[in-house]
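Have a look at the structure below, then the notes.
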Amino acid sequence: MEIQFQYIKDLATQFKSYSDDNNKLLTAINSLPTTTVEEIYKEYGDPESTFRPVNVLRAEIARQLLNGIEINETLIEEIKNNIRTKNKQAFNHLSESLLGELDQYPVTKRDMFANWQRYWPLLHTFIYRGQVLETTRLYLEQICIDLLKELSLNDYDYHWVDFYGSSNFGSDWAWLALFPAHKESHQDAYQFFAQLSATPRAGMRAGAAVKNAQAEDLKMINSYEELLKTLNSKKELVSGLNRKIRNYFKFAPGSQASEWERFYHQGIAALSYHGFDLGDISNFKSREQINDAIGLPTESQSNQSWNIWLFKTANIGDVIFANKGVNTCIGIGIIESDYYYSPEGQYRHTRKVKWITNKVYQYKGNLKGYKTLFRPDTFSPTKIWQFLLNEYVRSYPDLAQVFTENHLPTSQTPVYAETNPVIPLVEEDNIPLEDEETSEPIKFWWLNANPAIWSITSHLEGEKQKYTTHNEKGNKRRIYKYFEEVKPGDLVVGYESSPTKQVKAIYEITKSIHTTSGREEIEFMMVEKLEVPVDWNDLKNNPALKDCEVLINNQGSLFNLKEEEFDVIRELIDNKNIIAEKEQIKGAVYEFKNDPDKPFVNENDFQRTVELLRRKKNIILQGPPGVGKTFIAKKIAYEIMREEKPFNIQMVQFHQSYSYEDFIQGLRPTKHGFELKDGIFYTFCRRAMAHPERPFFFIIDEINRGNLSKIFGELLMLIEADKRSAKYQIKLTYAEDDNDQFYVPENLYIIGTMNTADRSLAIVDYALRRRFAFITLYPEYGDNFTDLLISKGLTRKLVNHVCTRITSVNNKIRSDKNLGEGFQIGHSYFCTYDGKLLENNWWEQVLSFEIKPLLEEIWFDDHSKVTEMVKLLEVNDEDPN
């Protein structure tokens, strides 16, 4: 890293000479190559850009250079004055829109060039650009990464600022800071700090937000070796100081706060970490070890490991805000113990917590820049802790004393002054300090992602992603100016384009436009991966989005969203996902062999059916009525999932009027004409596509009651096991263009049920039959059935009567040449006893109103046979059973 360090140091020395001496700076600018000046003029003189006085000034300086005029201080001040006085004649070469904005630009007591008195901040972009800028940023990135590795700071992150300065005002030195990764910002922690200037310094420095901060400790350095040695000497100090800083976290007590009451009364916070059998992590020394244990890449930044690592390493005394959803705080607590593992129950990763309030605060969106209070993950840092504490005291004044006793500062409790305030390394009149953050309101964006190149589905919450501002051929993406406008904190709607055509995530911008390894890009982090994606048709058909830029012309990568448009999309997301969040509560672990409510099917036969579905993807369970076909279908799904999870199962019943439009897609009338509506199978396939790592099950009850060829349409081919991929996607009947294509995902299984006793139905056609495996189910009146009925409270005498007499009736049915085994009476008719009636009364009702009508349907042309069978089934006091 020595070369990188010296490169930046030499550059800082050069830039300091320009900053100290205007004549040197202007001499360098007057010597710039024409091609560079042309680039500058094009950049700042763009007629489509927004009017900004400083950019008009820069463009005018570049224009004068191109006209062969030498730049001096007198000329610069003259241009400034023309802008101040709105001298349109001096700028008649500007576009009408820019001239109009110049005319409308507000004039206040503060000079519009107050921040640009010194020439280096004003003109640094003329010098620091192109390859020099790219190389500097590349080297800063490399130095930070190497420092983290060499110092073994596995749980630290980094932040660097180049010669643009923190607020793009220009600086003659760059800097970098290493700080704990769980902190939202370097400002909230003690830092391993390096000032890369003409006279470099390094050591320990406190972030601007640290209260009662210890004074900075920086020493002069001259090489990368000295930088590394100096920071290493501060390792114990910085790490120790950061462990003493109180941290603030948000905590989700179960899905939709399902465990909150238990956690509150037991004085704990706990995570289930479902999906991974991680066990006790007390001896895990790093997040990387957790990544390895759960099969993630060692250096993964996924929330899957980050949340639980933060939970384990949070300090005793740290504050946690219990949340329900992203806008409701339901309690505040203080961590009282180290991490420990509870082997019993679902929520095993545990910390003792002193819950100091369980009062509820509902966020109303009244904090500038924050649409929501909380991230949608389980345990993570929260920036808005001070706002929350203030709001709690405002809403519940009696909490002021409680917060004071627990040293929680609010606007109504003492906030301790800094005894050793951080003295900035550079102070300049009218120029923001290097650590000062801007407070512009957040903006909202829409990002198109081609799933074949850049798949949102493969991303994880908490991971950072990069998106280049130029395409593969090196040309600027449409609309490039949007890439220039994004800034940290902005929210981005993540949309996968054709064939997916779904909103799948919400991202937050973490870095504005910058250059890495020669590529210009923006960086963002996934803050929410949607359990249920939002389809393009849902957006297109929403009248509130009719003027939305991306819906008018979807060609491009990045689009601007108005705040009200983002709110509409956010509401659509919430409406689809609130129910999903409730269904996503982890169900009980399922194994057929341990199921006390298992169907009366031999375990070997059941497992053979499960394996058949895995291979074939489509099966039909057929048999007489009452053998539990639908019941078994769900058990098969649970066995493959190894979990009772209704969210991954969708059920529909076919009938004679059921159509392709109900199942796949169709036009439906509305107040404004006709809209394309997605059918139940199409929508469920989209849900399965969004989660390729999970199995999904589509159960079609009475599958042979519908016109199957009509309902499935072109999907007959796509449901075949070897056609389950995007390779076989096809254009659907109602597709709007050739790019609007569809396929059935590999992780979706279809289970049909079919009543073999239904004489009114045609035989399933061959085209569909060859795409399914058929499994026949039979009535079961063996020991398992007997045990179940007795456990429900029926006497053994009645149970024996049911088993022997129904078996006799079924033998008669099977031996009838006009009927056969497909017309037998299934066992589920007799599993309904709940103890509310005397058992003889219950049996009389079942016989009279369920079994007798069934027998009348079976022997519709032989009434005497019905009478004989009913007589056989009646309970007789003289019956030896």
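Observations on the model:
- Within straight-line cross-link reach of K285, lysines at Cα separation under 22 Å, skipping those fewer than 8 residues along the same chain: K149, K183, K234, K235, K244, K312, K352
- Accessible-area composition of the chain, carbon plus sulfur, in percent [1.4 Å probe]: 47
- Summarising the label geometry, the points placed 7 Å from Cα in the beta-carbon direction at D567 and Q741 lie 4.0 nm from one another.
- Normalising by residue count, the range 343-399 has a Cα convex hull of 126 Å³ per residue.
- Converting the Cα gyration tensor eigenvalues of the range 648-753 into ellipsoid dimensions via √(5λ) gives semi-axes, longest first, of 21, 18, 13 Å.
- Ratio Rg/Rh, restricted to the range 101-177 and using Cα atoms, in which Rh is the Kirkwood radius: 1.16
- Y734-R796 pseudo-label distance in nm [points 7 Å out on the Cα-to-Cβ vector]: 6.0
- The chain - convex hull of alpha carbons, volume per residue in Å³: 212
- Here is the P(r) of the range 154-195: all C-alpha pair distances, binned every 5 Å from 0, give 6, 25, 27, 19, 16, 5, 1 in whole percents.
- FRET efficiency estimate (nearest 0.05) - Cβ-Cβ, E844 to R814, R0 22 angstrom: 0.25
- By the compact-protein rule of thumb, 2.2 N^0.38 Å, the alpha-carbon radius of gyration of the range 620-684 corresponds to a ratio of 1.50.
- Compared with the alpha-carbon gap, the fully stretched path from D787 to T832 is longer by 14.8 nm at 0.36 nm per residue.
- Projected-area mean, the range 1-153, by convex hull of Cα positions, square nanometres: 11.4
- With semi-axes defined as the square roots of five times the eigenvalues of the C-alpha gyration tensor, the equivalent ellipsoid of the range 80-232 measures 40, 18, 14 Å, largest first.
- Span-like helix ranges in the chain, DSSP H, alpha carbon extent 24 angstrom or more, Kyte mean at least -1.0: 2-20, 130-150, 563-583, 796-815
- Theoretical FRET efficiency, 1/(1+(r/R0)^6), r = Cβ-Cβ of K540 and D217, R0 51 Å, to 0.05: 0.30
- Mean residue ellipticity, 222 nm, helices only, the chain: the sum of -39500 (n - 2.57) across DSSP H runs of n ≥ 4, divided by residue count and rounded to 500, is -10500 deg cm²/dmol.
- Full extension of the chain segment joining T36 with S152 gains 37.5 nm, where the gain is 0.36 nm per residue of separation less the Cα-Cα distance.
- Given their separation in residues at 0.36 nm each and the Cα-Cα distance between them, R246 and K359 gain 38.5 nm when the chain is fully extended.
- For the range 806-880, Kirkwood radius (reciprocal of mean inverse C-alpha pair distance, Å): 13.2
- Euclidean distance of C-alpha centroids, the range 788-865 and the range 201-239, integer Å: 84
- Protection proxy ranking of 479-487, 360-368, by the mean of other Cβ atoms within 10 Å over each peptide's residues and highest first, is 479-487, 360-368.
- Computed from the C-alpha gyration tensor, the three semi-axes of the ellipsoid equivalent to the range 284-360 are 25, 15, 12 Å, from longest to shortest.
- Cβ-Cβ distance of S458 and T199, R₀ of 45 Å, FRET efficiency by 1/(1 + (r/R0)^6): the value works out to about 0.45.
- Between K473 and E101, the distance separating the two model label sites (each 7 Å from Cα on the Cα→Cβ line) works out to 2.9 nm.
The values are calculated or read from the model by the stated rules, or taken from the named source; none is laboratory data. Since the structure is predicted, the reported quantities are computational estimates derived from the model, not experimental observations. For neighbour counting, all protein chains shown are included, and Cβ atoms are generated from backbone atoms with ideal geometry for every residue, glycine included. Note: areas computed on protein heavy atoms with side chains; ligands, DNA, RNA excluded. Shrake-Rupley method; radii C 1.70, N 1.55, O 1.52, S 1.80 Å.
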